[in-house]
Structure formats: C-alpha cells, structure tokens
Amino acid sequence: MMRSMFSGVAGLKTHQTKMDVIGNNIANVNTTAYKSSSINFSELLYQTTSRASGPNALTGRAGVNAKQIGLGVQSAAISNAITTGGATQNTGNPFDIKINGEAFFVVSDGKSNYFTRDGSFYVDAAGNLAMSANGYNVMGWGVDEATQTIKKDTVQALRIMSAANMTYPPEATTEAYVDGILDKNEPDASTESGKTMNLSFFDALGYSYTAKFAVRETTAKGEYMVELADILDSTGTSLKDVYKVNDISEIASFGGSRIVETTELRKLISDVVYTRDPGTDRSKDIYSRKMALEEVFSDYKEKGISGLKYRPVTIAADGTETPTIADGDAFAPGGTVTMTGTGTLSRSDMETLHKLIFVEATTDAAGNAVPAHYYYEKADGTAVTLDSTSTPADWADVLGIPAAELKSVTLNGDGSVEFNHETSFTYGETGSYSGGNFTVQISRDEAYGLDTSKDNVNYTFVVAEDGQAQVTTSTTYNGHQLIFNTDTGKFVSISGGDSVTLDFETSVNTLLGTSESLANFSDINIDWTNVTWFDNGGASTMTAQSGTEGKGLGSGRKLGNMSGVSIQNNGEIYATYDNGMTKLVGQIAVAKFANAAGLEKAGDNLYQATLNSGEFDGIGVDITADGAGSMTTGALEMSNVDLSSEFTHMITTQRGFQANSRIITVSDTLLEELVNLKR
C-alpha cells in the first residue's frame, strides 16, 4: 500500500509539471515568436516479484510471465515546437522582421552569440540594429568597400547608420544626351542669340551648374551650329565672373571655329549715292546718303523724345536762338553740330513709354488747386513725384536723359509736356547740310543694307561700275556643326560623330593674375543621336539631360543625406538618399541547426546552442541560400501556441491529477483498516 501511495505522489508531481508547461504556454500566447512546449511521461522503475519462465517441454508446463509492480510515472522529455512557425502580425515598422523558414536571427550581448526568432528591432543612438527587448546587437555581414558587395565573414554588429553611411558622396557629371525635336521653323534659331538649350550638371564636390548652349541655323539647309554660350553656378552667376576671366572658353571649350561663306548680288539701298574712286582700291569708294534730322537723332526715340522737332539752333536762357549751321555748310570728319528739339509729348506718350501715372488736378480742403503730377515707380519701390515745380534735372533723372541736354520742361494741366532738348551730332566722315537734310557718308555695309551688328559676320565686296556688288558673307561659328537629313529629318552627325565633349580646362588664369584649379569639373560627353528635325508647329522640344539615356549612368549627383532604410527578403539592408542613390550597407545573417529542437532557452526569447543542436560556425548563412527561407519586413512572427489544444491538455491533466490523488486517499483508507485490525 505504501508503494501505491508513492506511485500516486509521483503521478501528482508529474501532472503538476505538465500543468506548469501548459500554464507557461498559455501565459506566452502573445509573446513574439514564442514556441510552445510539450511534455512526455514515462513509467518509473518496476519491482519484479517473479521473473518470467519459459515453457517446459519435459513436463508440459506452459511459460509464466514475469510479475512486476510499477513505482509510478516521471517526466520523460519536455520538447519545444521550435520548427513550427507562428502566424504573421503586420506592424508597418520597417525594422520589424519575420523569418519564413527554420532559421534564427543571430544576436549578441557583446560577449556571446544568441539566437532568436523575435525580429522586433530598432536602431540605437550609435546606429546599430538591435533587439527592442534587450538591446542585443543584430549580427550580420558588412560590405567590401572595394567591390560594394557583401563580405560573408565572421558576423559583426550591423551598424547601418554609421557616419559613413549617413551621406552618399557627390559625383561629377560625365555623360549627357540631347533628345527631342528641333523644328526647322524654330524662330529663335535664326536670331543672334540662337535657340537656348540648358544642361544641368554637377562637379565632383556636388555643386550644381547650368551650361547654356546656343543653337543657330546656318545658311545651309538642315545645318546648325551649337555653341557654348555660358556656364552659370547655382546662384545664376556666370563662371566668367566667378573665376574672373574674359570668356567662357577659358574655362571650358566646346568645338572649334568654322567659317561658312555665301555669295550673292546686292544693290544699293534707296537714296544712297555711290562715288567710285578712280583707283583700284575699292575701300576708298564713297557711299553717301541724305538723312532727315529725326533720322539722325533716332537714338532718342527709345527715350521717348521722338515727338520733338529738331532745328540746327541753340536756345539761350532768355530764349534767344542762334543758328549752329547754315544751308549748304560742309563738315570735315569729326565735325560737331548742335541741334535743338522743341515740341510737346502727349500724356499717352509719357504714361506708355515711361510708365508714369498722371494724376488730375484737384482741390485741397481750403479750395486751393493742387497741381497735377506724375508718380514714377522706381525699381526699389520708391515713388518720384514730378509736377509743375520739378526742375529739368528732376525730369532728366527719371527719363534717363543727361541733365545738360534738357533746357526747359513745362507740365500742362492735360498731362502733356513741352520740352526744349539740346544735343549734339558728330560726323564720322565728311558730309554737308542742305534743305533741312544732312548728307552723311555711310559705310559700305550700310550702303548695301547689311547687318553690321553681328561680330561673327564679315563681308567682302566686288563692286561694279553702277554700284551693284557681289557680296561674300563670311560667318564664323564657334562650336559644333549639327547636321540633319533633310529628307528624313533624322540626325546625321555632330562634328562628324554621334557625340561631342564639353571639355573643361584643368586650371584657369584669372584677370587678377592668379591661377585657379578646375580639377573638380569633369569633361562631359554629350550624345545627340536622338535629336530629330521634324515638324512640330514651329515649336522645338529639344532638351539636354545629364546621364546616359535610359540608364542614367554618369549623370552626377549632389551630396546625398540618408532619407530611409529598407531591408530586402534576403536580409540585405539598403540605405536611400535624397540625391536619388541607394547603397548596400549590410546583410542580416541567420543561423540554421541540424537539430533546432536541441537549442536551449536562455530567456528574453533567446536560445543558445548545445551539443545536441549543433554548433554555430560564427559566420551564418544567407536565409535564401537553399531557396526555403526568406524575411518579411514590417511584420512579426506570433506565438505558435494553440489555445484549443492547451485547454484540452489542461482538462486531461486535471483528470489525471484527480485520479492520482484518489490513489493516495484510497491507500490511506486501506492502511487505516489495517491498523484497526488489532482492535
């Protein structure tokens, strides 16, 4: 009976242990990545009262089985369902990671490596990826700086936000391309300044610049010249001013010089008189033309004084007029003639040409008339008032006319203004005055109506007796020759190839006598093969882009600041930067064990290796190496505890405990009866 009591006690202890296991499972039902445990029972040592005997052929007796009495039950093993995955809990936190498969994260307290399925991580103040629960560092592999690939060596703490990873270095632009349409009817291409095209690029320090190109059509159909007009820094200041040089070509060259010549017959313009020199030097021929006074003084039209009538007189302060020239006078080179302009400019002229606002005359509180006046808004926002009391000097300052030239100004009540304006005209060559007109010697270029404003254009002449001339126009272009197929509209070449180079000098000599390095700039290869010459309604869409088309290689970049971190399904960690770049900064390594159930729990959702689990080699593996595992970011693994099973086990455990307790109570009753026998 005592034996049965001890069997009951063993049963109670064992079922209590099972209840402890069940209770622990239920308590951790919401613990991240918790693995449920289960317990197995085994019977205790048996007492053999009679051993087994075999059959006796001689006597004919059968064999007898052994007689054994058990001593109860014991805990045989407590095992973890460590390879059974839990459900997925989405968190949206990019540093929460769930392992899919049978691998484990490797974490370290600085001395020893531990293993966990708890992927609730954060980045600490030092930039290390660590466990949220205890601050243990997440271990993985670093990046080989030479190859920018993962170096799978002994695991180390993943410091993903180190000082080196917080920024992405700048890079100079080395490649660019031009695409779009250059319409043959593009109006700007025929102007002096040309069709403007901008290219934004970076130097090696990450500073941004804009190269401005001018695309000008030539006299040949389907042919243009592309010239470098200027290079501006990020503030819009020309590098000519930044480096104190005369021309942008001292900083960067773009092509060479090319002369295009065309020849045509031209007649003298109207009212030009041609006087042929008797010799053979045609440069001594004389071209003269009659010009009215207003035409001679046409420069003042832009100043809004075209409404005045000019006379060859000077007017003294008392109004006395003195003739400055007489009819029929001739002038030697450099002769000066003083002219006086008198007249009235309307209110409309003053408001339109000079942006003056006229205020009608009013009366004040006392009934006195207030003079009409103008308000002139200056660029700095201040207002200048011009009224009947204003001096000629006041008017000259606002109108942009030398004060010495304005003799008198009268403001009328209707807003009209009467002027006396005196100026001088200096002959460039010999001439005469007759009948209110000047006969002025003009240049040969002007005589044939040729544009003399372009510095890159020169003319040569073969002049006939009647003044008709064969004119050869020589236009010098600096840049690259862009040619299109006039039949198909497709690109043919630029300077004989598909691309050209914006070639920066290594240094520049400034006007101050110093030398400035340009080593931070890189030459830029510009591809033109995608430009077309199609009809687009006269509007061109041609633009220049940095980098190679499609791939964006060589586009350059500014210094980038880290703007985010992402973790791939293989554990690779990439940093993203505000300059559009990404950088591989490390990879989370995992550990796999031959017998994961042999790992020993170390608390805080951690496990440690044992002799029965297999050793960790210190390096780990890529979770996707065998194709059976991956990582999911923004999610955590939930506990794999099955509450329905746990409650079922709880019921059976309770019944087992009750039955074992009944053994003790019944055995106690039997002992009590035995003790009562002596009574």
query: Between Ala229 and residues 5 or more places away or on another chain, which pairs have amide H atoms under 5 Å apart, with H built 1.01 Å from N, and which residues are they?
result: Lys212, Phe213, Ala214
Positive-end residue of Gly110, Pro312, Ser283, charge dipole of the chain with Cβ unit charges: Gly110
task: Could you tally the net charge around Ser474, taking each other residue with its Cβ under 14 Å from the Cβ of Ser474, Lys/Arg +1 and Asp/Glu -1?
output: -3
field: Computed FRET value (nearest 0.05) for Ala81 with Ala52, which takes r as the C-beta separation and R₀ as 41 Å
entry: 0.55
- request: Using label points projected 7 Å from each Cα along Cα→Cβ, tell me how many nm separate Gln468 and Lys212, to one decimal.
  value: 4.4
- prompt: Per residue, what volume in Å³ does the convex hull of the Cα atoms of the chain enclose?
  reply: 373
- request: May I ask you to list the residues of region 516-532 whose amide nitrogen lies under 19 Å from a point 7 Å from Cα along the Cα→beta-carbon direction of Asp498?
  value: 524-532
query: What is the projected area of the convex hull of the Cα atoms of region 82-136, averaged over all directions, in nm²?
result: 4.3
- request: Compute the FRET efficiency between Asp451 and Asn561 as 1/(1 + (r/R0)^6), taking r as their Cβ-Cβ distance and R0 = 56 Å, and round to the nearest 0.05.
  value: 0.60
- prompt: Toward the positive end of the charge dipole of the chain, about the Cα centre and with charges on Cβ (Lys, Arg +1; Asp, Glu -1), which of Ser432, Pro169, Thr49 goes farthest?
  reply: Thr49
message: Given an 8 Å cut-off on Cα distances and at least 6 residues of separation, report the relative contact order of the chain as a percent.
response: 24
Carbon and sulfur %, accessible surface of the chain computed with the full protein complex present, 1.4 Å: 49
statement: The correct ranking of Ile248, Ile315 by accessible area at 1.4 Å, largest first, is Ile315, Ile248
query: Which ³J(HN,Hα) values in Hz, rounded to whole numbers, follow from the phi angles of region 40-47 under the Karplus curve 6.51 cos²θ - 1.76 cosθ + 1.60, where θ = phi - 60° and Gly and Pro get x?
result: 10, 9, 9, 6, 7, 3, 8, 9
query: Using θ = phi - 60° and the Karplus form 6.51 cos²θ - 1.76 cosθ + 1.60, what ³J(HN,Hα) does each residue of region 323-328 get, whole Hz, x for Gly and Pro?
result: x, 9, 9, 10, 4, x
field: Net +/- balance of residues flanking Leu129 in space, Cβ distance below 15 Å, scoring K and R +1, D and E -1
entry: -4
- line: Mean accessible area per residue over the chain (1.4 angstrom probe, all protein chains present, square angstrom) is 52
- request: Give, in nm to one decimal, the length gained when the segment between Lys151 and Ser234 is fully stretched (0.36 nm per residue of separation minus the Cα-Cα distance).
  value: 25.9 nm
task: Sequence neighbours fewer than 8 away in the same chain don't count; with that in mind, list the lysines whose C-alpha is under 21 Å from Lys309.
output: Lys290, Lys301, Lys407
query: Quick one: if the Förster radius is 60 Å, what FRET efficiency do Glu672 and Gln89 give, using the C-beta to C-beta distance and rounding to 0.05?
result: 0.55
Potential extension, Ser38-Lys309 segment - 0.36 nm per residue separation minus Cα distance: 86.0 nm
- prompt: Structure shown: which of Lys152/Lys583; Lys184/Lys558; Lys111/Lys592 lie over 25 Å apart, alpha-carbon to alpha-carbon?
  reply: Lys184/Lys558
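The values are calculated or read from the model by the stated rules, or taken from the named source; none is laboratory data. Since the model is a prediction, treat every value here as computed from it, not as a measurement. Positions of Cβ are generated from backbone atoms using ideal geometry, with glycine treated the same way; all protein chains shown enter the neighbour counts. All accessible areas refer to the heavy atoms of the entire protein, side chains included, with ligands and DNA or RNA removed. Shrake-Rupley method; radii C 1.70, N 1.55, O 1.52, S 1.80 Å.
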